[in-house]
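Colleague: I'd like to ask you about the structure that follows.
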Amino acid sequence: MFSGSIPALVTPFRDGAVDESALHRLVDWQIASGSAALVVCGTTGEASTLDNEEHHRVIGLVVEFANGRVPVIAGCGSNDTRTALWHLEEAQKLGADAALCVAPYYNRPSQAGLLAHFSALADACDLPIMLYNVPGRTVTDMLPETVAELHRRHPDRITSVKDASGDLTRVVTHRLLAGQGLCQLSGDDPLALAGRILGQTGCVSVTANVAPALCARFQDACDRGDWDTARALNDRLFPLHRALFADASPAPTKYALARLHDWLTEDVRLPIVPCGEAARAAVDAALAGLELV
C-alpha cells in the first residue's frame, strides 16, 4: 500500500533535451528529504510531450537512480489501450514497482469503456496499477462504482487510486464500495489534509517537488494523528499549493525549482510556456513565506 508524500516528479530539461544529471540529483534530493515514493512521467512530468523513447528512458533512469530506496510508480496512461499496455510492459521490464494509469482522454469512453480498458491492462500485465482520475484534464470521469468494480475484478492488480476529481465525498464512497483493500491517495495538494482525515493514505503531490521535507513532515503528522501539527503545516504550505497552479502546470513548479537549485532550469516544452509575471510573483512570495529562499 502506498502512503505518505509522493512527488509527481517534473522532468528536467536543458537546451530542449532531458537533463539526466539534474534528474539524478532531483531523485536523490527527494529521497533524502523524506519522499515515500516517486511518480515519474505523469502530468507534472510532461509525459504528453515526451516521445516514447524519452518516456521509457526517464522511467528507467528514475528506477536506476532510486536504486530500491523508495518505490517508483511509472506513468503508463494513454487514450489508446494498446499503447498503455506497451508502456506497462516496458515499465515492468525497467523495474518500476507500479504503474499510474490515467483515464483515457479525448476519446471520452463510457463507464463500460473504462471497465474494458483497465480490465484489459490488468489481464495482460501483472504490474500493479494505480488508477488516476483527473476529469479536469481528461474530460472523462471515472465514477466510484467503476473504481470499485475494477478493484473487485482485479484486487491484486488494480490496487490503488489517485483521485483528483476535487470531490472529497468520493473518499468515503470508494471505501464503502471497494472496502479497505483499495489504497486511496489524493491528487490535489490543497485537499490532502481533508483527504487524510477521510481515509486517504497520502498524496501524489506537485508541491512536494519544491518542498519535499515539509510535505513529508505534513504526511508524518497525519500518520500520527497529530492534526494540530498537520493543520499548521498545511496552512504554511497552502500559498505554495496555490502558486504552483497560478499558471499552466508545471511551469510555476519548474520556476520554483530553478529558484531553489542552480542545477535545474525552468525549461518546459510547448505548448506549455514559462510562467508569467503574476505566477512568478506568487511563487516568490510563497517560497519566501516558507523561508526556502
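Each reported figure results from applying straightforward, stated rules to the coordinates on display, with no laboratory input. Note that the structure is a prediction, hence the values are computed from the model and not measured. Heads up, the Cβs are rebuilt from the backbone with ideal geometry, glycines too, and the neighbour counts pull from every protein chain shown.
Colleague: What whole-number distance in Å separates the alpha-carbon centres of the range 188-254 and the range 52-127?
Modeller: Computed from Cα coordinates, the inter-centre distance equals 25 Å.
Colleague: Here is a further query. Pairs of Cα atoms under 8 Å, at least six residues apart: use those to get the relative contact order of the chain, whole percent.
Modeller: The value is 18 percent.
Colleague: Let me ask another. Highest first, please rank the peptides 253-259, 60-66 by the mean number of other Cβ atoms sitting within 10 Å of their residues. Before the final figure, lay out each step's value.
Modeller: Values: 253-259: 23.9, 60-66: 19.9.
The most tightly packed comes first, giving 253-259, 60-66.
Colleague: Which whole-number percent is the relative contact order of the range 224-274 (Cα, under 8 Å, 6+ apart)?
Modeller: Reported relative contact order: 25 percent.
Colleague: Right, another one. Under unit Cβ charges (Lys, Arg +1; Asp, Glu -1), what dipole magnitude, rounded to 20 debye, does the range 4-224 have relative to its Cα centre?
Modeller: Roughly 560 debye, rounded to the nearest 20.
Colleague: Still on this structure, please answer the following. For each of C101, C203, count neighbouring Cβ atoms within 10 Å of the residue's Cβ, then give the residues from fewest to most. Display every interim value, and only then the final one.
Modeller: Values: C101 26, C203 30.
In increasing order of surrounding Cβ atoms, one gets C101, C203.
Colleague: From the P(r) of the chain, can you give the percent of Cα pairs sitting at distances over 26 Å?
Modeller: So the portion of pairs separated by more than 26 Å is 39 percent.
Colleague: On to the next question. Calculated FRET efficiency, D223 and Q180, Cβ-Cβ r, R0 22 Å, to nearest 0.05?
Modeller: On the way: r = 16 Å, r/R0 = 0.74.
After rounding to 0.05, the efficiency reads 0.85.
Colleague: Given springs between every Cα pair under 10 Å in a Gaussian network model of the chain, which of D80, D141, D189 has the largest fluctuation?
Modeller: Largest GNM mean-square fluctuation: D80.
Colleague: Given a Förster distance of 30 angstrom, what is the FRET efficiency for A281 paired with R108, based on the Cβ-Cβ distance and rounded to 0.05?
Modeller: Details: r = 37 Å, r/R0 = 1.24.
Here the calculated transfer efficiency is 0.20.
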